[in-house]
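Everything below concerns the one structure shown next.
The values are calculated or read from the model by the stated rules, or taken from the named source; none is laboratory data. In this text, all values refer to a predicted model and were calculated from it rather than measured experimentally. Note that each Cβ is placed from the backbone with ideal geometry, even for glycine, and that neighbours are counted across all protein chains shown. Ligands, DNA and RNA are excluded from the accessible area calculation, which covers all protein heavy atoms including side chains. Shrake-Rupley method; radii C 1.70, N 1.55, O 1.52, S 1.80 Å.
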Amino acid sequence: MPDGSVVKAVVRGKFRLLSFRTTSPVAVGDIVHLRLVDDGTGVIERIEDRKNYIVRKWPHRRHTYQILASNIDQAILIATLVKPKTSTGFIDRFLIATESQHIPTLIFFNKYDLYEDKEKEMLEELRKAYTNAGYTVLHGSLTDGSTIERIREIVKGKKTLLSGHSGVGKSTLINALVPNANVKTQEVSEYTGKGKHTTTYSRMYKLPEGGYLIDTPGIKEFDVPGLTKRNLRDLYPEFRQVQNECRYNDCLHVNEPDCAVREAVEKGQIPLFRYQNYIRILNTLPN
Ligand SMILES: Nc1nc2c(ncn2[C@@H]2O[C@H](COP(=O)(O)OP(=O)(O)OP(=O)(O)O)[C@@H](O)[C@H]2O)c(=O)[nH]1
Ligand SMILES: [Mg+2]
Ligand SMILES: [Zn+2]
């Protein structure tokens, strides 16, 4: 409820909101019309159109998606370079998902206290690449108060989606910013270096300063319904800056002659890893 109280509710009626099948008609972040019943529970009678949403493929049923959150003002992707290591392939897939929904995204590299020289070097390379593409990049440790204070300012008054692999610190951040949230957190396995999927469903928390944080389960891979070979290129901000210079205006930047994107990669203006991840994703998509 707007005052922060919680009402148990059921969904009644038919909802046709999206062009693909979803696990549930309502999602965390939805604005709903609720009728209160005498026993104190509620009935959801209408769901307002979503301004945006983030989904994942539902692993238990084909052609079905789970909406992780909707109506988001911004997303924070928590990445770590150790315990666990977040790959750029994962980061880029997430950025494609938020870009396709026009959600401003910040990448926060956490667990800086554990980085050695090698990771610090890599951090600088990644910072350069993602800053150039137009994303905000931040680093720090959630074990450190000054990092928490910086993020508190960033999330104030907004509805922020927190995402990232299992074990990167999403729930730790919620616990730091939301009094009495008491979200369960768990150490990353010493054996595999991976998180244990402590959070298994999305949940929204109200911030004392105004705004909300949405904790989501640690995801292996994001998915963008409707993504094709043709529209992937438009989800790379640094490609958009140069691709109107390609000889063909539908250039996919693979092996077409006079491709401005490939030229920019050769000149080092677009990072090679961003381009390689693009090709990898392109190869998995339908035409
Ligand atoms: N060294 C160090 N450990 C951290 C930092 N931030 C979080 N951790 C630890 O990382 C572990 C995993 O954190 P969680 O908050 O449970 O991770 P999560 O992203 O919610 O994971 P899932 O719920 O499984 O998706 C916990 O043991 C935290 O204490 C940090 O900046 N430095
Ligand atoms: Mg968690
Ligand atoms: Zn091209």
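Observations on the model:
- Pairs spanning more than 27 Å between alpha-carbon atoms, out of K120/K194; K159/K184; K57/K229; K158/K194; K57/K196; K111/K184: K158/K194.
- Here the accessible area of segment 182-278 is 45 percent carbon and sulfur, with a 1.4 angstrom probe and all protein chains present.
- Max mean-square fluctuation residue, GNM over the chain, Cα-Cα springs under 10 Å, options T98, T86, T131: T131
- Per residue, segment 62-164 exposes 41 Å² of accessible surface when a 1.4 Å probe is rolled over the protein heavy atoms with every protein chain present.
- Computing FRET efficiency as 1/(1 + (r/R0)^6) for E256 and E48, where r is the C-beta to C-beta distance and R0 is 41 Å, gives about 0.45.
- Farthest towards the positive end of the charge dipole of the chain, among the residues L95, V265, V7, is the Cα of V7, using unit charges on the Cβ of Lys, Arg, Asp and Glu.
- The spacing between segment 103-161 and segment 2-52, judged by their C-alpha centroids, is 33 Å.
- Dipole of the chain, positive direction: furthest Cα of T228, S171, N249, with charges on the beta-carbon: T228
- Candidate aspartates and glutamates for bridging to K83, where Cα separation is under 13 Å - those fewer than 8 sequence places away on the same chain excluded: D113, E116, E119, E187, E190
- Figure note: D215, D117, D223 ranked by solvent-accessible area, largest first, 1.4 Å probe, ligands and nucleic acids not counted: D117, D223, D215.
- Take every pair of alpha-carbon atoms less than 8 Å apart whose residues are at least six positions apart; their mean separation over the length of the chain yields a relative contact order of 16 percent.
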